[in-house]
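Below is one structure; the comments refer to it alone.
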Amino acid sequence: WALRVSAPTRLTSAVEEDKRSSPLGEGDEHVAASGAAGGEFDPGAPPPFGLAEIRAAIPKHCWVKDPWRSMAYVLRDVVVVLGLAAAAARLDSWLVWPLYWAAQGTMFWALFVLGHDCGHGSFSNNPKLNSVVGHILHSSILVPYHGWRISHRTHHQNHGHVEKDESWHPLPERLYKSLDFMTRKLRFTMPFPLLAFPLYLFARSPGKSGSHFNPSSDLFQPNEKKDIITSTASWLAMVGVLAGLTFLMGPVAMLKLYGVPYFVFVAWLDMVTYLHHHGHEDKLPWYRGQEWSYLRGGLTTLDRDYGLINNIHHDIGTHVIHHLFPQIPHYHLIEATEAAKPVLGKYYKEPKKSGPLPWHLFGVLAQSLKQDHYVSDTGDVVYYQTDSKTNTSAQKSD
């Protein structure tokens with residue numbers, strides 16, 4: 001029972017989605033056509049295409065999962081992680097440690113992405129292989145594999161929905177204004193949002209309750225309890241390994257070798273996942289009620305260019321097609337995206353090209369945190385609004 005679950009139990013199929021989103025009524029068809037063809041483009045209008053049309057545009061080989069290729073990426077990343085740790089420990093120089101922390105934290109993030117593919121079932125067609133590899137990779141960086149996998153499944157099944165989305169979802173105005181000063185500060189002021197992931201694992205986001213470690217949490221179905229127990233036990237085992245190494249090597253050595261890279265990994269995870277859904281120069285819609293659909297929610301996600309990091313973190317920035325079709329392996333996402341662009345049209349937002357390192361995205365992140373505070377308590381198509389009082393007080397303090 002520890003191995004039997006690796007892929008989401010059920011995802012919306014293209015056929016089901018097309019029944020809701022493709023056969024538009026006359027009014028919707030007019031809105032979609034006027035938004036996508038003439039006049040000003042409305043990103044919140046129903047698109048004039050369905051999931052099946054996007055799927056048909058993607059070459060068939062892009063859907064093929066190669067477990068040998070996937071394992072080769074795992075081997076590559078593990079060898080790099082061990083090599084970096086061995087080199088840093090041997091050199092033990094303060095000229096080297098900052099470089100090691102940046103590099104190793106990025107590699108921890110790469111390991112997470114491969115475990116993420118295991119959770120989607122895009123790593124291989126073998127559920128046991130996905131579960132074993134996912135547990136090893138995620139536990140090594142203190143992520144409860146099944147707990148996170150299941151909540152991430154919820155995110156994909158409800159992306160773009162104000163109330164039901166799971167990751168970096170918007171706060172309704174009433175909830176936002178009920179937050180105490182410290183909670184708002186931690187959520188919207190750099191660098192605190194870049195350290196949010198461990199807190200999210202234990203307590204989720206404001207307005208939601210539950211823990212990724214508790215098998216009785218409302219995050220999970222009753223038949224998933226054994227999976228959560230397995231992942232929590234694996235997480236605790238890794239904590240025990242780290243405690244033992246700390247006893248043998250000393251706390252300072254372990255902080256340098258593992259602790260600091262772990263928080264660099266957390267910063268990568270929080271920044272990348274936030275920027276998948278925020279910070280575009282044009283406001284992106286969020287949905288409620290009948291206006292939401294799997295397709296329309298997926299089209300609010302964003303691709304990002306990370307320069308040299310694209311290959312290191314397995315092209316996770318190529319995110320729109322991943323959200324619509326999470327079963328596509330990461331090594332086919334770029335080709336699948338290029339094939340789908342003619343269908344997506346203006347609903348696809350071309351990412352700004354990065355230099356070798358994506359320094360520009362820190363500015364995008366900071367600007368979005370200043371502007372994207374809450375959405376209206378009412379309405380089925382809503383956009384982020386800015387708390388002018390918060391910005392005014394921040395300007396005065398500057």
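Every residue in region 272-286 that is within 21 Å of THR337 (Cβ to Cβ) and not in a loop (DSSP other than H, G, I, E, B), please.
VAL272, THR273, TYR274, LEU275
Conditions: (1) surrounded by fewer than 21 Cβ atoms within 10 Å (Cβ to Cβ); (2) in a helix (DSSP H, G or I). PRO261 meets all but one. Number of the miss?
Every condition holds for PRO261 apart from (1).
Being over 16 Å from the mean Cα position of the chain (by Cα), more than 25 Å from VAL364 (Cβ to Cβ) and of a type outside the set (A, V, I, L, M, F, W, C) is the filter here; which residues of region 161-206 pass it?
Passing the criteria: GLU163, ARG174, LYS177, SER178, ASP180.
Select from region 167-226 the residues that are over 20 Å from PHE265 (Cβ atoms) and of a type in the set (Phe, Trp, Tyr) and list them in ascending order.
TYR176, PHE181, PHE188, PHE220
Being at pLDDT 95 or above, within 27 Å of LYS341 (Cβ to Cβ) and not in a loop (DSSP other than H, G, I, E, B), is that true of even one residue in region 241-255?
no
Tell me, yes or no, whether region 126-139 has at least one residue that is charged (D, E, K, R) and over 16 Å from HIS314 (Cβ atoms).
yes
If the Cβ limit is 9 Å and pairs must be 6+ apart or interchain, which residue in region 275-294 that is within 15 Å of HIS155 (Cβ to Cβ) pairs with which residue that is charged (D, E, K, R) and open to solvent by less than 20 Å² (accessible area, probe 1.4 Å)?
HIS276/ASP303; HIS277/ASP165; HIS278/ASP372; TRP286/ASP165; TYR294/GLU17
Quick grid of which residues meet (1) within 28 Å of TYR258 (Cβ to Cβ); (2) among the hydroxyl-bearing types (Ser, Thr, Tyr); (3) open to solvent by 20 Å² or more (accessible area, probe 1.4 Å); (4) in contact (Cβ under 8 Å) with a residue 12 or more places away in the chain:
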site	(1), (2), (3), (4)
LEU137	yes, no, no, yes
SER140	yes, yes, yes, yes
PRO144	yes, no, no, yes
ARG149	yes, no, no, yes
HIS152	yes, no, yes, yes
HIS155	yes, no, no, yes
VAL162	no, no, no, yes
TRP168	yes, no, yes, yes
LEU175	no, no, yes, yes
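Which pairs have Cβ atoms under 7 Å, sit 6 or more apart or on different chains, and link a residue in region 189-205 that is more than 25 Å from LEU236 (Cα to Cα) to one that is open to solvent by 40 Å² or more (accessible area, probe 1.4 Å) and among the aliphatic types (A, V, I, L, M)?
PHE192/LEU186
What's the number of the condition TYR176 fails, among (1) of a type in the set (Phe, Trp, Tyr); (2) more than 24 Å from PRO198 (Cβ to Cβ); (3) touching a strand residue (DSSP E or B) at 6+ places or on another chain (Cβ under 6 Å)?
Among (1) of a type in the set (Phe, Trp, Tyr); (2) more than 24 Å from PRO198 (Cβ to Cβ); (3) touching a strand residue (DSSP E or B) at 6+ places or on another chain (Cβ under 6 Å), the lone unmet condition for TYR176 is (2).
Here are ASP77, ASP28: which of them is at pLDDT 95 or above and either assigned to a helix (DSSP H, G or I) or within 16 Å of PRO342 (Cα to Cα) (or both)?
Answer to the selection: ASP77.
Need the failing condition index for SER124 against (1) out of contact with any Ser or Thr (no Cβ under 9 Å at 6 or more places or on another chain); (2) among the polar types (S, T, N, Q); (3) within 23 Å of HIS156 (Cβ to Cβ), just the number.
Failing condition for SER124: (1).
Considering only region 104-132, how many residues are open to solvent by less than 40 Å² (accessible area, probe 1.4 Å) and either of a type in the set (S, T, N, Q) or closer than 14 Å to PRO261 by Cα (or both)?
Selection size over region 104-132: 13.
Pairs only if they're at least six apart or on different chains, beta carbon under 8 angstrom, first in region 45-59 and touching a residue at least 12 places away in the same chain (Cβ under 8 Å), second open to solvent by 10 Å² or more (accessible area, probe 1.4 Å) and of a type in the set (Lys, Arg); list them, first residue then second.
Every condition considered, the pairs that remain are PRO46/ARG296; PRO47/ARG296.
Show the residue pairs meeting these rules: Cβ distance below 8 Å; 6+ apart or different chains; first residue within region 209-225 and aliphatic (A, V, I, L, M); second residue outside any loop (DSSP other than H, G, I, E, B).
Every condition considered, the pairs that remain are LEU219/GLY147; LEU219/ILE150; LEU219/SER151; LEU219/THR154.
Just to verify a result, which residue in region 197-229, among those that are out of contact with any Asp or Glu (no Cβ under 6 Å at 6 or more places or on another chain), among the aromatic types (Phe, Trp, Tyr) and not in a loop (DSSP other than H, G, I, E, B), is surrounded by the most Cβ atoms within 10 Å (Cβ to Cβ)?
By that ranking, first place goes to TYR200.
Among the residues of region 41-56, is any surrounded by 15 or more Cβ atoms within 10 Å (Cβ to Cβ) and within 30 Å of ILE141 (Cα to Cα)?
Within region 41-56 (the criterion being surrounded by 15 or more Cβ atoms within 10 Å (Cβ to Cβ) and within 30 Å of ILE141 (Cα to Cα)), the answer is no, since none of the residues qualifies.
The values are calculated or read from the model by the stated rules, or taken from the named source; none is laboratory data. None of these values were measured; they are calculated from a predicted model. Don't worry about glycine lacking a Cβ; one is built from the backbone with ideal geometry, like all the others, and counts go over all protein chains shown. Areas reflect the complete protein model, heavy atoms only, side chains present, ligands, DNA and RNA absent. Shrake-Rupley method; radii C 1.70, N 1.55, O 1.52, S 1.80 Å.
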